[in-house]
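Right, one structure below, let's go through it.
The values are calculated or read from the model by the stated rules, or taken from the named source; none is laboratory data. Since the model is a prediction, treat every value here as computed from it, not as a measurement. Note that each Cβ is placed from the backbone with ideal geometry, even for glycine, and that neighbours are counted across all protein chains shown.
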Amino acid sequence: MGFIDRLIRVWSGAVTGQDLYDVAVVGCGPVGGVLATLLGRQGHRVLVVERHAAPYPLPRAVHFDHEVARILQACGLGAELPAISEPGSEYEWRNGAGQVLLRFGGRPVGPSGWPDANMFWQPALERLIEQAARDRPTVEVRRGVRLVGLDQVDDAEGARGDAAGGAVGLTVDPGDGRAPERHTARYVVGCDGANSTVRDLVGGTVTDLGYFFDWLIVDVEMRVPRVFDPVNIQVCEPRRPTTMVSGGPGRRRWEFMRLPGESIADLDDESRAWELLAPWDVTPADAVLERHAVYRFQARWADRWRTGNVLLAGDAAHQMPPFAGQGMCSGLRDAANLAWKLDLVLSGHAGPALLDAYELERRDNVRAVIDLSMALGRVICVTDPDEAAARDAAMAGGAGQAEAPPPLPGVTAGVVRDGDPLAGRLFVQGRVPGPGGPALLDDLAGVGWRLVATAATPPQPLPVAVGAWFRDLGGEIVVVAAADDLDGTYAEWFAAHGVAVALQRPDFHLFGASADAAGAPALLADLRATLDRVGLAAAPATPGGPP
């Protein structure tokens, strides 16, 4: 029996005007908050439904990379990030004897204009994100209400006129014994975590790789400032694999692996947490224990990220071990990717089938990150002394060579230019002069479709029709003069890749590039053809799926 057949229809008839939200986001964690903010900045009417009455007060994720910092910058949070984060300059792996096995260097300025690694305190970031969403006049955040049902809503009048028609009805329990509320939205996005209600309501299944370990997570706030050098350390000690990293300014996190035969109850105890911290000279006299909890690290993903007008993002779509620090990062990449696709569909620039490209574009990246996280875990989570000794001998030969974090795969299919070697790669962001001094380019040029060139090879004037279409898409032409390229970021990038013009998507990946400044019109023509082809393609059948 299909999804629609299983549901009791409690709402019917045409939906128009203020009865209809463009997007309902379920979950107001970092992923839902960023998605709502990005959509709100495009003027779309968004409802955010969150079952918790207040933001989660304890830390969870502690790392975001340069690309995610740029996404947060796009939400208007760039000025606030330095106060709640600190660069994770190095990540060093040592064995139990203190021998360095591997060292990842962290550039102070990565390709996106932010440090490669940024260590932060999640409660502070969540407050900033939620406030950014609430500051958008078209975004409504409802806390303390629980989603209990989804169903198809007829849209006889075609309130938005999209090719798919229809909308999704949400049944929401406001609590306190009050009657259920009804809301409707063109699209619903489940950003409601690993135990996603949205995923369950659409009958979603999950592929689980069966890779899991239990670790005790201990977060402390230091009473007395202390310098930890390096900032982040992984101790590959078979007697107790341990992670020690920054938890943001003034805070630290330790992670202790549960050993074979050790019970979760024995490990998840405050006195046990202090015992494990003692060898690091961390005691109640100089630290406040914010949290201790045993978490099971898993590797899995949803088999379907889109079911009709319902989509999944963040932990609702995928989970991964924390060893690469990419769990929250992957969710925020989902939000950045999905936001511009929803914007094009809602504004009529592309058909609903464009949303099928969301999973297509994000899936390979997520699976590569899961594979990387598992590979790191196989090195870290070794408790057999002989196996650990063999690992140490194999790795020690390369110690002392600082390595950049491994690059993540870009977009390999979807809204990218066919046959273009730069298509799908993450584009750079550099500093330029601003009203108050040096500024990152996005803060002046805005975020959206950007045709970027240097003054040395400016793009030729666009044909009138092409220029009008690009502007209607929200596109802008950005030419960076040599004197304005304060760090040489753009001159270096264009010279290194032998191109004159780059077409950047709203999620900072390249649609493509042209070696000739006169190739800009052809680049935009290919973009338009790709949006038509991808956006109007027949969506794959989703038996049992929602509207």
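Restricting 182, 178, 186 to those that are among the basic types (Lys, Arg) and assigned to a loop (DSSP other than H, G, I, E, B) reduces the list to 178.
Of the helices (runs of 4 or more DSSP H) contained entirely in region 28-89, not one carries at least 3 residues that are outside the structural domain of residue 317 (by TED's automatic domain parsing). A single member of 187, 211 is crowded, with 22+ Cβ neighbours inside 10 Å and either among the hydroxyl-bearing types (Ser, Thr, Tyr) or in contact with a Cys (Cβ under 8 Å, 6 or more places away or on another chain) (or both), and it is 187.
Taking residues in region 185-197 that are in the same structural domain as residue 329 (by TED's automatic domain parsing), and partners anywhere that are outside any loop (DSSP other than H, G, I, E, B) and among the polar types (S, T, N, Q), the pairs with Cβ atoms closer than 6 Å and at least 6 places apart or on different chains are 194/319.
When you scan region 299-314, do you find a residue that is within 22 Å of residue 507 (Cα to Cα), touching a residue at least 24 places away in the same chain (Cβ under 8 Å) and in a helix (DSSP H, G or I), even just one? Checked against the condition, which is being within 22 Å of residue 507 (Cα to Cα), touching a residue at least 24 places away in the same chain (Cβ under 8 Å) and in a helix (DSSP H, G or I), region 299-314 yields at least one hit.
The condition of being surrounded by fewer than 17 Cβ atoms within 10 Å (Cβ to Cβ), in contact with a Phe, Trp or Tyr (Cβ under 7 Å, 6 or more places away or on another chain), farther than 25 Å from residue 130 by Cβ and not aromatic (Phe, Trp, Tyr) does not hold for residue 258.
Conditions tested, residue by residue: (1) in contact with a Cys (Cβ under 6 Å, 6 or more places away or on another chain); (2) at pLDDT below 95; (3) part of a loop (DSSP other than H, G, I, E, B); (4) within 19 Å of residue 109 (Cβ to Cβ).
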| residue | (1), (2), (3), (4) |
| --- | --- |
| 443 | no, no, no, yes |
| 452 | no, no, no, yes |
| 456 | no, yes, yes, no |
| 462 | no, yes, yes, no |
| 470 | no, no, no, no |
| 492 | no, no, no, yes |
| 496 | no, no, no, yes |
| 524 | no, no, no, no |
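The single condition among (1) modelled with pLDDT of 95 or more; (2) of a type outside the set (S, T, N, Q); (3) surrounded by 18 or more Cβ atoms within 10 Å (Cβ to Cβ) that residue 434 does not meet is (3).
Checked against (1) touching a strand residue (DSSP E or B) at 6+ places or on another chain (Cβ under 8 Å); (2) in a loop (DSSP other than H, G, I, E, B); (3) touching a residue at least 40 places away in the same chain (Cβ under 8 Å), residue 133 passes all but a single condition, namely (2). Could you tell me whether region 275-294 includes any residue that is part of a helix (DSSP H, G or I) and crowded, with 22+ Cβ neighbours inside 10 Å? No: zero hits. Please specify each residue of region 477-536 satisfying the condition of being in contact with a helix residue (DSSP H, G or I) (Cβ under 9 Å, 6 or more places away or on another chain) and of a type in the set (Phe, Trp, Tyr). Of everything in region 477-536, those that are in contact with a helix residue (DSSP H, G or I) (Cβ under 9 Å, 6 or more places away or on another chain) and of a type in the set (Phe, Trp, Tyr) turn out to be 490, 508, 511. Check whether at least one residue in region 318-331 is in a helix (DSSP H, G or I) and in contact with a Leu (Cβ under 8 Å, 6 or more places away or on another chain), and report yes or no. Taking every residue of region 318-331 in turn, at least one turns out to be in a helix (DSSP H, G or I) and in contact with a Leu (Cβ under 8 Å, 6 or more places away or on another chain).
Of 501, 478, 452, which residue is over 21 Å from residue 336 (Cβ atoms), among the β-branched types (Val, Ile, Thr) and outside the structural domain of residue 70 (by TED's automatic domain parsing)?
Values: 478 fails: over 21 Å from residue 336 (Cβ atoms); 452 fails: over 21 Å from residue 336 (Cβ atoms).
Selected residue: 501, the only one of 501, 478, 452 that is over 21 Å from residue 336 (Cβ atoms), among the β-branched types (Val, Ile, Thr) and outside the structural domain of residue 70 (by TED's automatic domain parsing).
Table: residues versus (1) closer than 20 Å to residue 188 by Cβ; (2) of a type in the set (A, V, I, L, M, F, W, C).
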residue	(1), (2)
87	no, no
95	no, no
124	no, yes
132	no, yes
135	no, no
144	yes, no
148	yes, yes
151	yes, no
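Taking the conditions (1) in a helix (DSSP H, G or I); (2) at pLDDT below 95; (3) not charged (D, E, K, R) in turn, residue 348 satisfies each one other than (1). Against the numbered list (1) modelled with pLDDT of 95 or more; (2) touching a Cys at 6+ places or on another chain (Cβ under 8 Å), residue 39 comes up short only at (2). For residue 268, state whether it is farther than 18 Å from residue 322 by Cβ and outside the structural domain of residue 64 (by TED's automatic domain parsing). No. Pairs linking a residue in region 424-435 that is under 28 Å from residue 362 (Cα atoms) to a residue that is hydroxyl-bearing (Ser, Thr, Tyr) and surrounded by fewer than 19 Cβ atoms within 10 Å (Cβ to Cβ), with Cβ atoms under 8 Å and 6 or more positions apart or on different chains, are 424/412.
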